[in-house]
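Novice: Can you read through this structure? Questions will come right after.
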Amino acid sequence: MISIYNIKPKFQQLLRPVLTNLYKMGVTANGITWSAIVLSFVVGGLFYWKPSGFMLIVLPASLLVRMALNALDGMMAREYNMQSKKGELLNELGDILADIAMFLPLVLLPGLHPLVLFGFVILGVVNEFTGVLAKAINGERRYDGPMGKSDRALLVGLTLLLLYFFPEIKTALNYIFGAGSLLLLISTAVRIKKTLP
């Protein structure tokens, strides 16, 4: 299935100079993961405080930074022998908590029904849980789309940017997040299908 995750290798290549510099500075993989989590809660809190104007640009930019941090922590762990069970747990749990922290404040957006947003967030959690369960069952973590972690970040980021420049699209927010939820159901079904024999 088509997913932003498929371009991850090229994205990682762009980040390699940053990775090298962070390692020289003594930054650890878990330190990067914590940075992504803290960033998500801070930006989510700021958005909840002021869910309009400049924050409609700040949150998408923060999602891009968080995607970079998520790529960097994995690269750091693999390439500099920092892999650990603690790091894996922190990474998986951190991704879910970060999504919740950044997406739940969107409930304040005008035109977006709370149940539509809650459905999107909950299905995102289920989707990630399904990917983790796959590893427990057959030893392979599933990241299949069409609405994986990176895809959700892209959907939310683009939607907020469009809302900033074209406020009238608020009437389409329920349809956008509803479509995202439908794609999450498909993504979860794909992960289950590829997990089970």
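Novice: Given the conditions (1) over 27 Å from Ala179 (Cα atoms); (2) surrounded by fewer than 18 Cβ atoms within 10 Å (Cβ to Cβ), and given that Leu97 satisfies all but one, which numbered condition is not satisfied?
Specialist: Only one criterion is unmet by Leu97, namely (1).
Novice: Take the range 40-64 and flag every residue that is in a helix (DSSP H, G or I), more than 14 Å from Val156 (Cα to Cα) and without any contact (Cβ under 8 Å) to a residue 40 or more places away in the chain.
Specialist: Val42, Leu46, Trp49
Novice: What do you reckon, is Asn138 farther than 20 Å from Ala101 by Cβ and touching a Ser or Thr at 6+ places or on another chain (Cβ under 7 Å)? Spell out how you get there, then give the answer.
Specialist: Values: farther than 20 Å from Ala101 by Cβ: yes; touching a Ser or Thr at 6+ places or on another chain (Cβ under 7 Å): yes.
Taking the combined requirement at face value, the residue satisfies it.
Novice: While we're on this one: Please go through the range 158-196 and give me each residue that is without any contact (Cβ under 8 Å) to a residue 12 or more places away in the chain and more than 22 Å from Ile122 (Cβ to Cβ), ordered by number.
Specialist: Leu162, Phe165, Phe166, Pro167, Glu168, Ile169
Novice: Within the range 27-51, take every residue that is over 25 Å from Ala77 (Cα atoms) and crowded, with 16+ Cβ neighbours inside 10 Å and give me the one that is modelled with the lowest pLDDT.
Specialist: This residue is Pro51.
Novice: Within the bounds of the range 19-26, is there any residue that is in a loop (DSSP other than H, G, I, E, B), among the small types (Gly, Ala, Ser) and surrounded by fewer than 20 Cβ atoms within 10 Å (Cβ to Cβ)? Don't jump to the end; show me each part of the working.
Specialist: Looking only at the range 19-26, we keep the residues that are in a loop (DSSP other than H, G, I, E, B), and these are 25-26.
Keeping just the survivors that are among the small types (Gly, Ala, Ser) gives 26.
Filter once more, so that each one left must be surrounded by fewer than 20 Cβ atoms within 10 Å (Cβ to Cβ): 26.
Yes, the range 19-26 contains at least one residue that is in a loop (DSSP other than H, G, I, E, B), among the small types (Gly, Ala, Ser) and surrounded by fewer than 20 Cβ atoms within 10 Å (Cβ to Cβ).
Novice: Scan the range 122-157 for residues that are crowded, with 21+ Cβ neighbours inside 10 Å and of a type in the set (A, V, I, L, M) and report the count.
Specialist: The qualifying residues number 3.
Novice: Let me ask something else. Does Val107 satisfy being under 20 Å from Asn174 (Cα atoms), in a helix (DSSP H, G or I) and over 17 Å from the mean Cα position of the chain (by Cα)? So that I can check it myself, show each step before the final result.
Specialist: Numbers: under 20 Å from Asn174 (Cα atoms): yes; in a helix (DSSP H, G or I): yes; over 17 Å from the mean Cα position of the chain (by Cα): yes.
Considered against the rule, which asks whether it is under 20 Å from Asn174 (Cα atoms), in a helix (DSSP H, G or I) and over 17 Å from the mean Cα position of the chain (by Cα), Val107 comes out as yes.
Novice: If we keep just the residues of the range 112-154 that are within 14 Å of Gly180 (Cα to Cα) and among the basic types (Lys, Arg), which is farthest from the chain's Cα centre (by Cα)?
Specialist: Arg152
The values are calculated or read from the model by the stated rules, or taken from the named source; none is laboratory data. Since the structure is predicted, the reported quantities are computational estimates derived from the model, not experimental observations. Cβ coordinates were reconstructed from backbone atoms using ideal geometry, including for glycine residues, and neighbour counts include every protein chain displayed.
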